[in-house]
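Report on the following structure.
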Amino acid sequence: MTGAAPTATPETLPVLYRDARLVVVDKPSGLLVHRSPIDRHETRFALQILRDQLGQRVYTIHRLDKGTSGVLAFALDPDTAREYGAIFAQRSVVKTYVALVRGWPAEAGTIDRPLAAVEDDRSGPQSAEPRESRTAFRRVATFELPVCVDRYPTSRYALVELAPHTGRRHQLRRHLAGESHPIVGDSTYGKGKHNRLFRERFGVQRLLLACTRLEFTPPGSETALRIEAPLAAEFTALLTRLGAQHAAVPFSPSSP
């Protein structure tokens, strides 16, 4: 007699915060926020996973790139989606990201470089006119690998904390690439030699960019919220390994 086939456990997303109008989750790298013509083969979407998990409709407020992990907020009704969408558009939300980049940037600074719009799968072709785009950064730690990737005998990398003041599509990835500090694992704006080094040497299969914190005051409230997500296990493990073997300055995985 053949027993019943085991039932697959439904996928869920870690919930970082929830109230009557809002739910914030920790999105893993490699997961699309919603269905996209750009990735027609994909069948997993944060929007649908969360709908099934909560047993109700949810609505996107903002987006993270497929490869970016971390804090992602959804509204529980259309009115809330519109209200939160407005505060995101008004730059009333403080966003903090962490990335591992090629090279050693300055200790701190702001990248102020206009960016032309990237064609969006939902809104169609965009104007090519560059728009104001600013990203503040702070260097957290530096690493130096005894490997020749370009023309130098060693290869330098840095962990940086990023705070975008504007919300252009792919802003962080494009700004860092434009400063010759592309994010490791970025197959679109990065450098293949460095991506390949981390894939072969450390098993890195993802974009090393994470949204670690959102800070905002909910519509109609006077109390600010600060919602944080820990770095994904594989990101933390890589930093621990780099810190133990190749740190050029004192480093702790909890530094960001």
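The numbers here are math on the coordinates, done by the rules we state, and not lab data. As the structure is a computational prediction, the values presented were derived from the model and not from experiment. With ideal geometry, Cβ positions are generated from the backbone for all residues, glycine too; neighbour counts draw on all protein chains shown.
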Out of Thr110, Thr236, Leu197 - ranked by how far each Cα lies towards the positive end of the dipole of the chain, with unit charges on the beta-carbon of charged residues - the top one is Leu197
For the stretch 131-145, in residue order, the Karplus 3J(HN,Hα) values (coefficients 6.51, -1.76, 1.60; θ = phi - 60°; whole Hz; Gly and Pro = x) are 10, 3, 8, 9, 9, 8, 9, 9, 7, 9, 7, 10, 9, 9, 9
Neighbours of Ala233 by Cβ distance under 13 Å: Lys/Arg at +1, Asp/Glu at -1, summed charge 0
The ³J(HN,Hα) series, computed from each phi in the stretch 198-208 with the Karplus coefficients 6.51, -1.76 and 1.60 at θ = phi - 60°, rounded to the nearest Hz and given as x for glycine or proline, is 6, 5, 7, 8, 10, x, 6, 10, 9, 6, 8
The local net charge around Pro219, scoring Lys/Arg +1 and Asp/Glu -1 for residues other than Pro219 whose Cβ lies under 14 Å from its Cβ, equals -3
Using alpha-carbon positions, the gyration tensor of the stretch 47-103 gives root eigenvalues a ≥ b ≥ c; with a/c under 1.5 called rounded, otherwise prolate if a/b exceeds b/c, else oblate, the class is oblate
For the chain, the dipole about the Cα centre with charges only on Cβ (Lys and Arg +1, Asp and Glu -1), to the nearest 20 debye, works out at 540
Of the convex hull enclosing the alpha-carbon atoms of the stretch 151-256, the direction-averaged projected area in nm² is 8.6
Excluding near-sequence neighbours (fewer than 8 apart on one chain), the stretch 15-246 holds lysine pairs with C-alpha atoms under 19 Å apart numbering 4
Net charge (Lys, Arg +1; Asp, Glu -1) of residues whose beta-carbon lies under 12 Å from that of Pro105, Pro105 excluded, is +1
Length-normalised contact order of the stretch 15-246, Cα under 8 Å, at least 6 apart, in percent, tallies to 21
Beyond 25 Å, the calculated P(r) of the stretch 39-173 holds a percent of Cα-Cα pairs equal to 43
To the nearest 10 degrees, the tilt of helix 78-89 (Cα long axis) against the first principal axis of the alpha carbons of the chain is 20
Within the set Glu215, Glu234, Glu129, GNM on the chain using Cα springs under 10 Å gives the largest fluctuation to Glu129
Within the chain, the percent of DSSP beta bridges that are antiparallel, given to the nearest 5, stands at 95
The FRET efficiency for Ala116 and Ile87, from their Cβ-Cβ distance with R0 = 25 Å and rounded to 0.05, is 0.45
